[in-house]
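Please read the structure below before turning to the comments.
Read-outs: derived from the displayed coordinates by stated rules, not from any lab. Only a predicted model underlies this, so the values are computations on that prediction, with no experimental measurement involved. Methodologically, a virtual Cβ is constructed for each residue, glycine included, from the backbone with ideal geometry; neighbour enumeration extends over all protein chains shown.
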């Protein structure tokens, strides 16, 4: 199985969930550092879908927001922030990356204009039948979108015990088994 992984907002392709997916799924995982600009990030994900031809695209938090916008491919969203502009508006200014990026960048700027560009992308996306799954931690301290997702996409979500950033045991026990069948059926 080949997976394209989209990391969270203040992160990079080096985030540990990419390795968790490699280990638990025995998968090849393509994990780029995504640009903060939404149009650029979406274009990079679309290009990688064409060139890498992944079986599945997995997005975590902010990455889940971006992956949600893709069409024509199987997508799994882990604790997606479907209204990322709201959280971003609370973090206006310089934000430090939490994992190393290949370009050496250590911080990025959140501006009101950037938040507006994200807000313009928020909302319902018509899923291709059978191509969208959502995983939601029952104790997510950062994002609270499980009810909205479940109402928009009935039968496409799973609640698992955990916090916003999944641990290896949570991925192994709750997320990986569902992804194994979803990405290959």
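Label positions at residue 120 and residue 159, each projected 7 Å from the Cα along the C-beta direction, are separated by 3.6 nm. Recomputing Cα extents along the principal axes in Å from the coordinates shown identifies the correct label among (i) 57, 37, 28; (ii) 42, 35, 31; (iii) 73, 46, 29 as (ii).
In terms of surrounding Cβ atoms within a 10 Å radius of their Cβ, 7, 164 rank from fewest to most as 164, 7.
For the peptides 18-25, 107-114, 39-46, residues were scored by their other Cβ atoms within 10 Å and the scores averaged per peptide; the highest-first order is 18-25, 39-46, 107-114. Only beta bridges with both residues in the chain are counted; by DSSP, about 15 percent of them are antiparallel. The slack in the chain from residue 28 to residue 180, taken as 0.36 nm per residue of separation less the alpha-carbon distance, amounts to 53.4 nm. Modelled label positions at residue 113 and residue 148, each set 7 Å beyond Cα in the direction of Cβ, lie 2.5 nm from each other. Between residue 69 and residue 92, the contour length at 0.36 nm per residue exceeds the alpha carbon distance by 5.9 nm. Over the chain, DSSP H runs of length four or greater, each weighted -39,500 (n - 2.57), average out per residue to a 222 nm ellipticity of -9500 deg cm²/dmol.
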